[in-house]
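Contents: one structure, followed by commentary.
Derivation of every value follows stated rules applied to the coordinates shown; laboratory data play no part. On a predicted model such as this, the values are computed, not experimentally measured, just so you know. Here Cβ is always computed from backbone atoms with ideal geometry, including for glycine, and neighbour counts include all displayed protein chains.
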Amino acid sequence: MNQDWEIRKRSDICTISQRPFHEGESFYTAIFREGDGFRREDVTEEAWASRPAGDTPVAFWRSKFELPPPPPPEPLAKQDAESILRNLIGENSDATKNARYILALMLERKRLLKPMESTDPDVLVYERAQTGETFLIPNPRLSLAQVPEVQREVSALLGVQLGIDAQAEPQPETQAA
């Protein structure tokens with residue numbers, strides 16, 4: 001007999017007293033049979049000690065309450081990259097062609113920009129998913145050797161420190177003899 005039961009996740013408050021748990025506080029979790037399923041209760045030590053004698057759980061355990069870790073920060077604020085891209089498009093300078101290309105790729109990866117078909121291989125066409133705006137990005141046809149410099153340029157624009165060694169030189173490709 002293989003069955004799955006829906007048992008809710010740990011609560012942040014005591015089921016009995018409705019008092020929030022504090023960081024590092026010990027509490028009890030009890031699983032009770034209820035109809036065809038199970039019920040979970042998370043209770044403070046005080047409430048556990050004063051529970052009715054006939055209230056016997058199927059299983060119980062004692063734990064220490066720990067707040068869940070905060071979600072990891074967004075590595076790059078979506079609007080920042082988009083607003084920088086919009087500014088660079090408005091300037092339309094040849095000096096920022098590579099940065100515009102990389103920013104567009106970043107926003108494509110975050111699914112803010114959707115690539116569209118282009119009849120010109122030198123122009124990438126993107127559509128802003130929510131607004132339907134069209135972005136035309138010149139394709140700079142970057143070589144692998146140019147990527148570290150463009151990464152530094154984009155990270156400077158975004159105010160982000162990337163783990164790129166400024167002294168690193170691209171290594172020439174060698175062929176096996």
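Descriptive notes on the structure:
- Euclidean distance between Cα centres, segment 23-46 to segment 98-145, Å: 52 Å
- Normalised contact order of segment 78-158, rounded percent, pairs of Cα under 8 Å and 6 or more residues apart: 28 percent
- At most 12 other Cβ within 10 Å, DSSP loop - GluC sites (Glu not before Pro), segment 19-92: 23, 66
- Among residues other than residue 126 with Cβ under 13 Å from its Cβ, the summed charge is +2 (Lys and Arg +1, Asp and Glu -1).
- Using the Stokes-Einstein relation with a Kirkwood hydrodynamic radius computed over Cα pairs, the translational diffusion coefficient of segment 10-67 at 37 °C and a viscosity of 0.692 mPa s comes to 282 µm²/s.
- Amide hydrogen neighbours beyond the local backbone of residue 14, cut-off 5 Å, H modeled: 19, 21
- Summarising the amide proton neighbourhood of residue 110: residues at separation of 5 or more, or on other chains, whose placed amide H is nearer than 5 Å comprise an empty set.
- Segment 10-67: relative contact order as a whole-number percent, Cα under 8 Å and 6+ apart: 43 percent
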